[in-house]
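Shown next, in structure tokens, is the structure this report addresses.
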Ligand code: HEM
């Protein structure tokens with residue numbers, strides 16, 4: 001039996017410290033709106049780091065033979081991403097209250113579903129839920145992870161055309177997806193990869 005409590009503590013401490021540091025090191029902004037915008041950006045980036053580590057864990061092991069630690073702790077990495085993204089949600093409320101801007105319906109639907117999935121996956125990240133939900137557990141967590149990936153990807157892509165260094169985030173997202181596809185292909189039976197080989 002592997003003791004995962006040290007890794008768990010390290011992950012929760014890291015996300016806590018990252019969020020606290022982002023608050024303490026926040027630049028001085030003349031308007032609350034800009035401060036909340038900063039909070040939105042920082043929390044999205046922190047959530048992205050933890051999310052990608054959880055997203056990459058399994059394919060890293062199956063394709064690259066590396067990353068056992070990530071696989072063992074991927075549930076906590078996912079929870080850390082959900083914590084950071086819940087703070088993102090709090091900044092959304094503050095930002096739109098302050099500016100009085102309306103959130104587009106499409107953002108509410110697509111982004112809102114990502115939040116619901118984040119929270120649902122967090123609440124069901126335990127053995128009891130796994131047992132109760134059976135095969136649905138896997139379907140929901142796989143769907144949720146890919147949906148969240150899509151929302152991150154389109155957010156980075158949208159900005160990358162305006163701020164070129166955001167292509168780094170786009171590239172990291174695409175790398176993650178590529179590795180997942182490689183792992184999927186590797187796992188697929190030979191017939192599904194184009195016929196029987198004798
Ligand atoms: C109702 C849902 C959401 C709303 C209204 C919303 C709103 C915002 C706003 C106002 C910003 C700041 C933009 C700026 O100042 O440049 C932002 C940034 C961002 N959000 Fe959200 N968000 C939502 C959900 C999500 C979700 C679910 C994700 C990811 C799964 C996400 C990922 C991001 C990313 C990646 C950024 C860019 C951070 C950066 O520029 O570094 N958002 N969001």
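Taking the C-alpha atoms only, the angle from helix 74-99 to the longest principal axis of the chain is near 30 degrees.
Can you check how the C-alpha radius of gyration of the chain compares to 2.2 N^0.38 Å, as a plain ratio?
Details: Rg = 18.6 Å, N = 198, 2.2 N^0.38 = 16.4 Å.
Compared with the compact-globule rule of thumb, the chain sits at 1.14.
Between 0 and 90 degrees, the angle of helix 105-123 with respect to the longest Cα principal axis of the chain falls at about 60 degrees. Computed over the chain, relative contact order equals 21 percent, with contacts defined as Cα pairs under 8 Å that lie 6+ residues apart. Centre-to-centre separation between the Cα atoms of the stretch 72-147 and those of the stretch 6-63: 15 Å. Taking only the Cα atoms of the stretch 50-91, the radius of gyration and Dmax are 11.8, 39 Å. Averaged over residues, the count of other Cβ atoms within 10 Å places the peptides 18-27, 142-151 in the sequence 142-151, 18-27, highest first. By the count of neighbouring beta-carbon atoms within 10 Å, fewest first, 169, 12, 161, 50 end up ordered 161, 12, 169, 50.
Helix 135-160 sits at what angle to the longest principal axis of the chain, using alpha carbons and giving 0 to 90 degrees rounded to 10? Approximately 50 degrees, to the nearest ten.
Hey, can you rank 32-38, 162-168, 123-129 by average C-beta count inside 10 Å, highest first?
Working: 32-38: 16.3, 162-168: 10.7, 123-129: 12.3.
Descending mean neighbour count gives 32-38, 123-129, 162-168.
Only the coordinates and a few stated rules stand behind these numbers; no lab work does. Bear in mind the structure is a predicted one, so any value in this text is a computation, not a measurement. Cβ atoms come from the backbone with ideal geometry, glycine included; neighbour counts cover every protein chain shown.
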